[in-house]
Amino acid sequence: MAGPHVDPGCKPTLNPFGQYVWASTAGPNVDPGCKPIMGPTFATHEALIWAPHVIAGWELEQKIISELKGFKRLLSPDYPECFERDHYDDEGHNRVREGLLKITLHILRKMNQTDLANTLQTKLMPVYQQKLKSRLQDKYQRVSEGMSNHGDSTRLNEIYTELYITEGGSGEINNEHEVRQIETVSRRPETQETPINCNDIFKPSPGQDKPIRTVLTKGVAGIGKTVSVQKFILDWTEGKANQDVHFIFPLPFRELNLIQKNLSLKKLLNQLHKETKEFKSVDYDDYKVMFIFDGLDECRLRLDFLNNQSLSDVTESASVDVLLTNLIKGNLLPSALLWITSRPAAANQIPPECVDQVTEVRGFNDPQKDEYFRKRINDQSLADRIVTHIRSSRSLFIMCHIPVFCWISATVLERMMGKAERAEIPKTLTQMFTHFLIFQTKLKTQKYDGKYEIDPDQARKTILSLGKLAFEQLEKGNLIFYEEDLKESGIDVREVSVYSGVCTQIFRQEFGLQLGKVYSFVHLSIQEFLAALFKLLSFTDQNTGLRNVFRSPMTSLLKGEVDKALQSENGHWDLFLRFLLGLSLESNQTLLRGLLRKTVSSSDINHETAEYIKQKIRENPSPEKSINLFHCLNELNDRSLEQEVQTYLSSTSDYRLLGVRLSAAQWSALVFVLLNSEKELDEFILRKYDLSEECFLRLLPVIKASRKAK
């Protein structure tokens with residue numbers, strides 16, 4: 001042999017002349033894969049020198065073997081979760097590692113070893129991916145119920161109550177007021193729906209071959225869409241779900257609205273997610289990327305899917321709306337996953353052909369409502385009493401599908417029922433929100449001013465300012481406000497901290513945005529309540545500068561608002577009207593005597609308004625259209641129409657309505673009562689009422705809403 005440097009196999013080694021050689025006494029017995037050439041003699045034997053391309057191939061082979069052994073060590077259960085990664089300056093070596101990793105991951109997944117693939121990928125993730133996960137985890141691990149003050153927040157995982165989310169549906173527009181939508185879906189049989197876990201929304205259903213790229217999630221305001229997004233991201237950052245996704249980029253519309261200049265998708269992400277500055281253009285194709293666009297209904301950009309220019313390069317500049325339409329259409333990053341959330345009325349902005357799956361956040365189902373109150377209230381005896389009270393009022397119980405309303409109810413009822421106050425326990429929406437406003441105003445006075453008595457002038461000034469903002473933005477359909485909106489409503493942006501400080505759980509200023517500040521009411525229903533209160537306050541104070549409509553008599557004002565709500569195609573003013581009518585009651589005005597300089601209510605006003613509503617019910621042939629009007633009568637404490645039909649409902653005869661002639665208003669009342677009867681809707685037996693065609697047609701809304709009908 002030629003000495004210690006000679007490998008007897010088909011592997012080269014260095015000789016003293018610095019040449020790679022293959023040496024053997026075997027002479028021509030060389031492995032066919034080895035291609036030596038003649039060279040100078042080394043020692044006493046013939047030496048063969050390897051060609052340069054063969055040497056390069058051999059070096060590559062050694063690197064590949066070394067990397068694969070490294071991957072194998074990483075997958076060992078004894079290998080630590082955290083380790084110091086090797087850092088190479090050799091770009092070629094890094095390319096070899098990245099290529100091998102992709103091949104290895106592909107093979108592991110083909111072998112159905114998804115867990116091993118995810119483990120390997122997690123341990124070899126780039127440093128900037130770790131930085132992104134760490135920042136998002138820090139941002140999304142805490143939640144503030146009704147507040148934006150981070151100091152009052154709690155960990156999301158400690159209080160999170162699973163939301164009821166269903167699969168299926170379409171992206172079509174829904175023109176009903178959102179409270180009506182909640183009332184409708186609250187009666188929908190759960191057995192007819194497909195529930196889905198939030199973390200599984202991108203997983204195809206059994207038998208579905210086509211992969212899901214874009215998911216549109218609908219849900220009314222405050223139902224839990226943003227919290228679902230928050231939990232989805234948090235679970236990803238903690239390694240609990242969707243580990244096949246390499247990067248998640250939240251891009252809320254409230255932030256995108258603030259970007260006025262043209263820029264590329266790459267620069268947009270650099271601006272909102274600093275970690276992407278280390279991204280190369282090719283990375284967007286090599287990695288599995290997800291974009292989450294939360295709050296389509298808050299979008300003030302013009303999403304013109306038909307006329308916007310086409311774009312396919314992540315480095316090409318355009319306006320933000322052009323970037324978004326091209327991302328959604330799949331021109332930009334067709335391999336990226338997209339999740340869009342929206343209130344139902346705005347969902348149709350996305351063309352149906354661009355959506356692979358529609359899901360709906362339904363908030364809390366009935367067992368989840370009970371679970372929320374028992375988690376939220378430490379005294380379980382008190383929690384049980386509160387649950388019983390909520391269930392006794394159909395309107396309150398239905399509204400508790402909305403998590404924010406559960407929080408409002410818990411805030412009010414825990415204080416009122418826990419301390420056995422003499423005040424009447426709220427049974428209507430107006431009463432609940434009135435007590436909530438009073439409670440928050442008292443809390444501000446004690447916490448920030450160190451006083452126990454409310455300054456009525458200061459409170460009135462604050463509520464009027466917020467009410468004006470609420471009313472004017474409600475007219476425009478806005479839930480999210482920017483500084484220019486506040487200026488338009490006469491709120492000095494330099495003093496906005498006064499408003500968010502006074503009402504931290506009513507009006508909030510959102511910090512932590514990359515591009516600017518955003519303002520909002522905690523929930524749409526609070527905005528509607530304050531808008532109604534503003535209208536009432538403005539009626540009693542003619543110096544607000546609003547239109548002369550407030551100079552008319554109170555009954556004219558209320559009748560005009562009834563007509564306005566009925567003329568609205570999308571029920572936009574339904575809940576506002578309910579609040580306004582409730583606030584017209586003397587009992588509720590007495591509660592607000594610190595804000596109202598004088599009461600503007602009387603039994604005559606209430607009676608005349610109730611009679612006007614009944615007249616509208618008689619004129620309206622559709623029972624469905626009359627539902628909100630019956631809720632309005634309830635706010636006025638007028639249940640006369642309901643009482644007229646209770647006689648028939650309590651009848652024990654085989655056919656309760658046989659030979660009975662009901663007026664159009666009585667039919668509407670009957671439908672309303674039945675729709676609010678949990679017992680009847682479990683199993684509705686039509687033949688107990690009448691077998692006539694008229695009865696069937698009149699009670700069709702009840703039949704449709706029943707879990708079972710016969």
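No value in this document is a laboratory result; all are computed from the given coordinates. Computed from a predicted model, the values in this text were never measured in an experiment. No Cβ is skipped: glycine too gets one built from the backbone with ideal geometry, and neighbour counts run over all protein chains shown.
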Output ordering of 557-565, 101-109 (per-residue mean of other Cβ within 10 Å, highest first) is 557-565, 101-109
Taking r as the C-beta separation of residue 113 and residue 694 and R0 as 60 Å, the FRET efficiency to the nearest 0.05 is 0.35
Can you order the peptides 605-613, 356-364 by their average number of other Cβ atoms within 10 Å per residue, highest first?
356-364, 605-613
Determine the alpha carbon to alpha carbon distance for each of 133/203; 564/688; 210/710; 218/517 and list only those over 32 Å.
564/688; 210/710
What is the gain in length, in nm to one decimal, between residue 313 and residue 489 on full extension, counting 0.36 nm per residue of separation less the C-alpha to C-alpha distance?
59.2 nm
Once fully extended, how much extra length lies between residue 564 and residue 647, figured as 0.36 nm per residue of separation less the alpha-carbon to alpha-carbon distance?
26.5 nm
Work out how much length residue 162 to residue 612 would gain on full extension: take 0.36 nm times their residue separation and subtract the Cα-Cα distance, in nm to one decimal.
157.7 nm
Protection-proxy order for peptides 456-463, 305-312, each taking the mean of Cβ atoms within 10 Å per residue, highest first:
456-463, 305-312
Whole-Hz ³J(HN,Hα) for each residue in region 220-232, computed from phi via Karplus 6.51 cos²θ - 1.76 cosθ + 1.60 with θ = phi - 60°, x for glycine and proline: what do you get?
5, 4, x, 7, x, 5, 5, 5, 5, 4, 4, 5, 4
May I ask you to list the lysines whose Cα is less than 25 Å away from that of residue 442, ignoring any residue fewer than eight positions away on the same chain?
419, 427, 451, 461, 468, 535, 598
Percent of all Cα-Cα pairs per 5 Å bin for region 373-427, counting from 0 up to the last occupied bin, reads 4, 21, 34, 28, 12, 2
